[in-house]
1. At 222 nm, what value in deg cm²/dmol follows for the chain if DSSP H runs of at least 4 each add -39500 (n - 2.57) and the sum is divided by all its residues, to the nearest 500?
2. Which is farthest toward the positive dipole end of region 46-121 among SER53, ASN65, ALA100, measuring Cα position about the Cα centre, with Cβ charges +1 (Lys, Arg) and -1 (Asp, Glu)?
3. Looking only at LEU149, LEU110, LEU138, which one moves most when the chain is put into a Gaussian network model with springs between Cα atoms under 10 Å?
4. For the chain, how many pairs of lysine residues have a Cα-Cα distance under 20 Å, where the two are 8 or more positions apart or belong to different chains?
5. Starting from the Cα of PHE36, move 7 Å in the Cα-to-Cβ direction to define the label point; list residues of region 79-103 whose amide nitrogen is under 20 Å from there.
6. To the nearest 20 debye, what is the magnitude of the charge dipole of region 119-160 about its Cα centre, counting +1 on the Cβ of each Lys and Arg and -1 on the Cβ of each Asp and Glu?
7. Using a simple spin-label model with points 7 Å from Cα along the Cα→Cβ vector, what separation in nm is obtained for ALA100 and SER119?
8. Note down the relative contact order for region 2-110 as a percent, whole number, built from C-alpha pairs under 8 angstrom at least six residues apart.
Amino acid sequence: MIGVLFVCLGNICRSPAAEGAFKRLVERDGLQDKFFIDSAGTIDRHQGELPDSRMRTRAKERGLNLSSRSRPLVDEDFDKFDYIIVMDKANHRDVCKRDAKGHYKEKVRLMMEFAPDSSLQEVPDPYFGGIEGFNQVLDMVESAGEGLLKSIKQQKALGI
Ligand code: 4NP
């Protein structure tokens, strides 16, 4: 099994969207038995909450039902997951701070690394903005999700 964890700040906007979009891609390719996929936040302020209603509405328009509950990142996640995919550089810094010895640093990657056609390096936080920000996040995580799945398939084909 391959574990993929998506991480943002609050785990109510970007990472649940990335989780939902990636799950749909994995199911499309019939690979759901090979993956476990989850998301988490670097803060616990929204623990137990559903994704932000603005994100759920925009996702539903694309046929994505986002229903995971917010939870904070925990130390066990570093061992449990093979890929820890963060949305922005602040997330990267916050996640790496928890891995003080750098044992897991190869696992922690920026989502937009997997969207080479985009000039953006970070998935912007839509929380304090307008509706368009949520659509932009969905566009970004859907296309980067394709790149991530392709990259994992290539790595697995190489036996890594
Ligand atoms: P997310 O968005 O990191 O994409 O889930 C945010 C959610 C909550 C807050 C900030 C960003 N907040 O400040 O509570």
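The numbers here are math on the coordinates, done by the rules we state, and not lab data. On a predicted model such as this, the values are computed, not experimentally measured, just so you know. Positions of Cβ are backbone-derived with ideal geometry, glycine not excepted, and every protein chain shown enters the neighbour counts.
1. -13000 deg cm²/dmol
2. It is SER53.
3. In the Gaussian network model the winner is LEU149.
4. Counting lysine pairs in the chain gives 28.
5. Output list for this probe position: 79-86.
6. 400
7. 4.1
8. It rounds to 33 percent for region 2-110.
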